[in-house]
Every structure is written in structure tokens, then in C-alpha cells.
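Undergrad: Questions regarding the structure given below will be posed in turn.
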Amino acid sequence: MTAFLVLVLAACGDSEGSTAGSGTEQADEGELVHVHDVLVGAGGSPVYLAAHTGLYELRDGEVVARSDHFDDLMAAAIEPDGTLIASGHPDLSTENLRIAGKPPLLGLVESDDGSTWTPRSLLGDADFHALVVTEGRLYGADSTSARVMVSDDGGHTWEPSAGDAQLLDLAINPADPDQMVGVDLDRGLAVSDDGGDSWAPMAGAPNLVDLEWTSSALVAIDAEGAILRSTDAGLTWTPAATLPGAEALGSDGTDVYAYAAPTALHRSGDDGESWSEVTP
């Protein structure tokens with residue numbers, strides 16, 4: 001694969017002329033556009049950004065593109081062995097990620113390093129907007145079926161949960177995988193205590209756009225870029241900090257990372273109370 005492209009981080013937004021996503025929009029080569037997910041490996045390394053224009057990696061304080069393809073990665077995660085998994089919409093020039101007669105949906109794809117992707121399951125059938133890896137189980141919030149899908153074999157086969165949920169993001173309690181909190185397109189913040197078989201809206205909850213469940217708290221971004229946290233599974237929220245432009249979170253279970261458009265990746269070791277910038 002081609003050498004890494006060192007980025008000048010660009011403002012969040014779409015440019016004309018792309019093969020990414022639906023195939024009707026394109027960003028300029030090397031331009032980071034709309035980060036959907038921050039991936040953090042065990043111990044804080046590696047750190048990746050899954051974006052509208054592909055996968056990027058934090059290296060020596062800089063963000064570099066992992067590929068010259070513009071796959072629109074709506075969700076991504078790191079498996080325990082370091083394998084990358086993702087979902088979203090393929091660059092239409094990538095023929096192995098499309099099936100004739102089916103919509104351009106990645107289903108679940110895998111990669112050793114993010115330079116190329118290989119289908120694992122549901123190609124053309126699923127569009128996961130969140131992927132959560134827990135011990136022995138993989139969860140995916142599928143926008144096509146409006147279900148949380150569950151896999152016990154690493155995403156090769158899936159079973160849908162019973163509850164209707166059009167989730168934009170999903171967080172799972174590391175101490176109790178049946179307890180889930182999601183950002184629902186229609187209901188706002190919603191909670192499930194039975195592994196996604198039923199969902200209930202959380203009355204009075206803030207307007208959140210992204211969630212991460214660390215070992216000690218739920219950390220979230222609201223629509224204005226404020227960082228909030230909850231220590232009671234989302235029942236109540238406390239303002240923690242403000243990161244203007246914040247749009248995506250990730251965590252290794254201890255530290256939390258936040259990408260803030262147009263230029264900055266930040267890290268917090270205290271569940272969002274204080275932050276340090278890790279990109280120049």
C-alpha cells in the first residue's frame with residue numbers, strides 16, 4: 001500500500017467530487033472530514049480516527065492517513081488481537097467492498113493496519129453506526145434494521161436483539177454488558193438493561209452526540225461541544241469541561257480521547273474533567 005499521507009487537518013465539512021460514502025461526495029486527498037469514531041488500543045496505543053474520508057492514525061503527534069481510499073467509516077473498533085473492524089460505506093472505486101445490486105454498505109470489514117479492508121460479514125446488508133467489543137462478544141448498532149446486533153464469533157454471524165433502536169451511538173457498561181446507553185435518533189438518550197431487547201428514553205437527559213463508558217463513568221459530548229459525565233449509568237449528568245468543535249470520543253477504559261474539529265485531538269485521564277492536547 002502507499003506510504004502514509006501526513007495531513008493538514010481540515011475543517012469538518014463535505015467537499016465536492018468524492019467517491020466516499022454514498023459515492024456522491026468527495027474530500028480532497030489527505031483531508032480529514034467529519035470524525036465518527038476515535039479508536040484507542042490497550043494502554044493508549046495505537047490511536048485511530050475513523051472518518052468520512054477513511055482511517056487515520058496518531059503518529060508522533062501527527063495524524064496520518066492509513067489509505068488512499070475514501071471509505072466512509074461510520075463506526076470502527078479494535079479487537080483484542082489488534083485487528084481493526086469497521087462499517088459504513090465504501091469508496092466506490094473499491095470493487096471488493098461492493099456487491100452488484102446491493103446498496104453500498106460495508107457490513108463488517110476487517111484490516112490488519114487500515115490500509116485495505118476485507119469483508120467479514122453482511123456486505124451490502126448492514127450499516128453499523130456503533131461497534132463495541134467486549135470480552136467474547138461484539139455488538140453493533142445497525143441503522144438498516146434499527147436493531148442492536150450481537151455476535152459471539154467476532155462478527156462472522158449475528159443475532160438481532162428484539163428492541164427497536166435507531167442508534168447514532170452506543171455505550172456498554174464494562175461491568176454489566178446487558179446495560180446499554182444509546183443516542184437514539186427519535187428518543188434521544190435511551191437505556192436498555194436487557195442487552196438491547198427493550199429500550200426506554202431517559203427523561204430530561206441532555207442532547208448528546210457521542211458516548212464512551214470507561215471503567216468508572218460514562219463520558220459524553222453534547223451538541224454544543226460540552227463534555228459531560230455520569231456515574232449512575234446516565235440517570236444524571238455533570239458538566240466536566242468544554243471542547244469547542246468536539247465531535248467524537250474514544251477510550252481504552254482508562255483515558256478518554258476527544259477529537260475536536262478542525263485540528264485537535266485531546267486526552268483526559270480523569271473522565272473528562274481536564275484535557276491535554278496531543279496533536280499540535
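The values are calculated or read from the model by the stated rules, or taken from the named source; none is laboratory data. If you're wondering where the values come from, they're calculated on a predicted model, not measured in any experiment. Note: ideal-geometry Cβ built from the backbone for every residue, glycine included; neighbour counts use all protein chains shown.
Undergrad: In the list Thr279, Thr254, Thr263, Thr238, which residue meets the criterion of being in contact with a Gly (Cβ under 8 Å, 6 or more places away or on another chain), over 20 Å from Val133 (Cα atoms) and surrounded by fewer than 19 Cβ atoms within 10 Å (Cβ to Cβ)?
TA: Going through Thr279, Thr254, Thr263, Thr238 in turn, just one is in contact with a Gly (Cβ under 8 Å, 6 or more places away or on another chain), over 20 Å from Val133 (Cα atoms) and surrounded by fewer than 19 Cβ atoms within 10 Å (Cβ to Cβ): Thr279.
Undergrad: If you don't mind, another one. Residue by residue through the range 159-171, note down the ones that are assigned to a strand (DSSP E or B) and surrounded by fewer than 18 Cβ atoms within 10 Å (Cβ to Cβ).
TA: Within the range 159-171, Glu159, Pro160 meet the criteria.
Undergrad: Hey, can you tell me all the residues within the range 172-216 that are in a loop (DSSP other than H, G, I, E, B), in contact (Cβ under 8 Å) with a residue 40 or more places away in the chain and closer than 23 Å to Val35 by Cα?
TA: Listed by number, the list holds a single entry, Thr214.
Undergrad: Select from the range 247-270 the residues that are at pLDDT below 95 and of a type in the set (Gly, Ala, Ser) and write down the one among them that is nearest to Glu62 (Cα to Cα).
TA: Filtering first and then ranking leaves Ala264.
Undergrad: Which one is surrounded by the fewest Cβ atoms within 10 Å (Cβ to Cβ), of the residues in the range 217-226 that are in contact with a Ser or Thr (Cβ under 9 Å, 6 or more places away or on another chain) and in a strand (DSSP E or B)?
TA: Selected residue: Ala226.
Residue-wise test of (1) exposed (fewer than 15 other Cβ atoms within 10 Å of the Cβ); (2) under 30 Å from Asp194 (Cβ atoms); (3) not assigned by TED's automatic domain parsing to the domain that holds Asp210.
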| position | (1), (2), (3) |
| --- | --- |
| Ala77 | no, yes, yes |
| Gly82 | yes, no, yes |
| Leu108 | no, yes, yes |
| Thr116 | no, no, yes |
| Ser143 | no, yes, yes |
| Val148 | no, yes, yes |
